[in-house]
Amino acid sequence: MSPPRLRLVLLGAGGSTRMRGGDKLLERVEGEPLIRRQALAMQAAGLGPVAVTLPPDRPQRVAALEGLDVDHLTIPDAALGMSASLRAAALWAEGAALLVAPADMPELTAEDFRRLAAGYDGARPLRATAEDGTPGHPVIFPPALLPLFAGLGGDDGARSILKAHPPRLIALPGQRAVTDLDTPEDWAAWRGRSGGQPPHPRDI
């Protein structure tokens, strides 16, 4: 059986509003800005083309991706919420299945992306969970559902699609699928637990 045709999108257009002036996607993990590190992880998975959604007013994020073979999807209305990024990602996917992951999840690795791709059956969405079953990210959407993204609005993401089309679930180790860091306190606590490094081998 041939592997599924897949495209991967890193959602990096958020406003980082809870960082009180900082930018969570430029926080350094293993010496790299987070947005670059996660784009590298997607590339290293070897599953298909990679794109990163970006706001129009964060040139530092663009600079952090310099030299990487990833498509930049600038989202003019990024301030209106995640749905704007998802709509652009669905158009970019051009009929392929779409793997979506937020850029603020520093524990996701190339192996996690490969695990999802290996478990995808092409028939319905596949969603990663924490080891205890808590739903998280990434999510793979089949091509047949991507036209529904055009109707998304606000910051609810694809919840309505996943409610109408319940995903199969696949567990990732530990809390990788649910660890997102939105505030300076989140970052400090995470670095305190992990010593500033992901709590598993580097895989990008």
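The values are calculated or read from the model by the stated rules, or taken from the named source; none is laboratory data. In this text the structure is predicted, and so the values were computed from the model without any measurement. In this analysis, Cβ positions are derived from the backbone assuming ideal geometry, glycine residues included, and neighbour counts consider all displayed protein chains. Quick note on the areas: whole protein, heavy atoms, side chains included, nothing else; ligands and nucleic acids left out. Shrake-Rupley method; radii C 1.70, N 1.55, O 1.52, S 1.80 Å.
Given just the C-alpha atoms of the stretch 1-64, how large is their convex hull per residue in cubic angstrom?
96 Å³
Keeping every protein chain present and rolling a 1.4 Å probe, give me the accessible area per residue for the stretch 1-135 in Å².
Result: 42 Å² of accessible area for each residue.
Please give the direction-averaged projected area of the C-alpha convex hull for the stretch 58-160, in square nanometres with one decimal.
The number I arrive at for the stretch 58-160 is 7.4 nm².
Summing Lys, Arg as +1 and Asp, Glu as -1, what charge do residues with Cβ under 13 Å from the Cβ of G15 carry, G15 excluded?
Result for the local shell: -1.
Net charge within 15 Å of K163 by Cβ-Cβ distance, Lys/Arg positive one each and Asp/Glu negative one each, not counting K163 itself?
Local net charge: +3.
Tell me, Kirkwood radius of the stretch 109-164 from alpha-carbon pair distances, in Å?
12.4 Å
So, in Å, what gap is there between the alpha-carbon centers of the stretch 1-50 and the stretch 80-141?
What the calculation gives is 12 Å, centre to centre.
Taking the Cβ of D182 as the centre, find all other residues whose Cβ is under 10 Å away and add up their charges (Lys, Arg: +1; Asp, Glu: -1).
-2
Over the chain, what percent of the accessible surface lies on carbon and sulfur atoms, probe 1.4 Å?
The computed percentage sits at 53.
Between D57 and D186, what is the label-point separation in nm under the 7 Å Cα-to-beta-carbon projection?
Each label point is offset 7 Å from its Cα along the Cβ direction, giving 2.1 nm.
Using the reciprocal of the averaged 1/r over all distinct C-alpha pairs, how large is the Kirkwood radius of the stretch 43-88 in Å?
That comes to 11.5 Å for the stretch 43-88.
Per DSSP H run of n ≥ 4, the term is -39500 (n - 2.57); total these for the chain, divide by its residue number, and report the mean residue ellipticity at 222 nm rounded to 500 deg cm²/dmol.
-8000 deg cm²/dmol
Rg to Rh for the chain: what is it, with Cα atoms only and Rh by Kirkwood?
The Rg/Rh ratio comes out at 0.93.
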